[in-house]
Amino acid sequence: MQKEKDTSTERSILEAAKRVFQNKGMDGARMQEIADEARINKAMLHYYFRSKELLFEAVFKKAFALLAPQLNAILNDDSSIEEKIKNFTTNYISFIIKHPYLPNFIIQELNRNPNFIEKLATNNGFPNIQKFKGQVRDEIEKGIIIPIGAEQLFINIMALNIFPFVAKPLIKAFANLDEGAMDALIEARKNEVSNFIINAIKIK
């Protein structure tokens, strides 16, 4: 009974923390606010998670564990490079819309702890691009896409998908967009990004 109670409390804390982090970000969130959101006292919160950083890391790992297998499945299925680009972009953007804190957290965590991703990479389901690299070589040889390094192509896909979330305030300021217009812009990128990359690499 005690074990089930502990699991339930931890789950409630993680869900509360996710909501606070989404609204306030890592720097703006306070442990007291998370405790209030989870309807527990601060001492109880510190019993489960000794610091805000550890709690943020736990929230991230839980969310990343949902995203990574989806992306890995796309990279390792039998679809064409064109379909992979479309599916990867759609899945990534859809997921980050629901978990907008993730891209900034990854950057923050890499700066704070460069070995963090190495730990994640040992988990089952962490994205692996070996099959993707082989498919890129095959489609180049068949004259479907232009000669391009698979790693470079993958970086292009990641960069175009990640940047709008990381630089959201900057983009809003440059383009003079309100929150609703920015959300619409992000949604439109599901097609914009994939079409841009495909048109850049596909042999006409």
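Remarks
- Residues (farther than 23 Å from F64 by Cα and crowded, with 17+ Cβ neighbours inside 10 Å) located in region 126-156: Q135, V136, E139, I140, I145, A150
- Answer from N115, N128, N123 - the residue that is under 21 Å from K84 (Cα atoms) and at pLDDT below 95: N128
- Criterion: part of a loop (DSSP other than H, G, I, E, B) and either in contact with a Lys or Arg (Cβ under 7 Å, 6 or more places away or on another chain) or β-branched (V, I, T) (or both) - qualifying residue of I140, I107, I148, I117: I148
- I40 vs. criteria surrounded by 15 or more Cβ atoms within 10 Å (Cβ to Cβ) and not in a helix (DSSP H, G or I): yes
- Of the residues making up region 76-103, those that are closer than 29 Å to E15 by Cα and of a type in the set (A, V, I, L, M, F, W, C) are F88, I93, F95, I96, I97, L102.
- When A65 is tested against (1) closer than 20 Å to I117 by Cα; (2) of a type in the set (G, A, S); (3) not assigned by TED's automatic domain parsing to the domain that holds F105, just one condition goes unmet, and that condition is (3).
- One residue alone among I34, I13, I97 is in a helix (DSSP H, G or I) and in the same structural domain as E187 (by TED's automatic domain parsing), and that residue is I97.
- Of the residues making up region 105-146, those that are of a type in the set (F, W, Y) and under 23 Å from A58 (Cα atoms) are F105, F116, F126.
- The C-beta contact set for region 92-113 (first residue more than 16 Å from F163 (Cβ to Cβ), second residue modelled with pLDDT under 75, distance under 6 angstrom, 6+ apart or interchain) comprises E109/F116.
- Annotation: A73 fulfils all but one of (1) surrounded by 13 or more Cβ atoms within 10 Å (Cβ to Cβ); (2) in the same structural domain as P147 (by TED's automatic domain parsing); (3) within 24 Å of R19 (Cα to Cα); the unmet one is (3).
- Residue match in region 16-25 (condition: aromatic (F, W, Y) and surrounded by fewer than 14 Cβ atoms within 10 Å (Cβ to Cβ)): no
- E187 passes every criterion in (1) free of Cβ contacts under 8 Å to residues at least 12 places away in the same chain; (2) surrounded by 12 or more Cβ atoms within 10 Å (Cβ to Cβ); (3) of a type in the set (D, E) apart from (1).
- Single residue of I197, I162 found to be in a helix (DSSP H, G or I), within 23 Å of F60 (Cβ to Cβ) and not assigned by TED's automatic domain parsing to the domain that holds Q22: I162
- Residues (surrounded by 14 or more Cβ atoms within 10 Å (Cβ to Cβ) and closer than 21 Å to T90 by Cα) located in region 167-179: A167, K168, I171
- The single condition from (1) in contact (Cβ under 8 Å) with a residue 40 or more places away in the chain; (2) over 25 Å from L110 (Cα atoms); (3) among the charged types (D, E, K, R) that K42 fails is (1).
- Only listed residue being among the charged types (D, E, K, R), within 21 Å of I157 (Cβ to Cβ) and not in a loop (DSSP other than H, G, I, E, B), chosen from K62, K24, K84: K84
The values are calculated or read from the model by the stated rules, or taken from the named source; none is laboratory data. None of the values given here were measured: they were computed from a predicted structure. Here the Cβ is made from the backbone with ideal geometry for all residues, glycine too, and neighbour counts use every protein chain on show.
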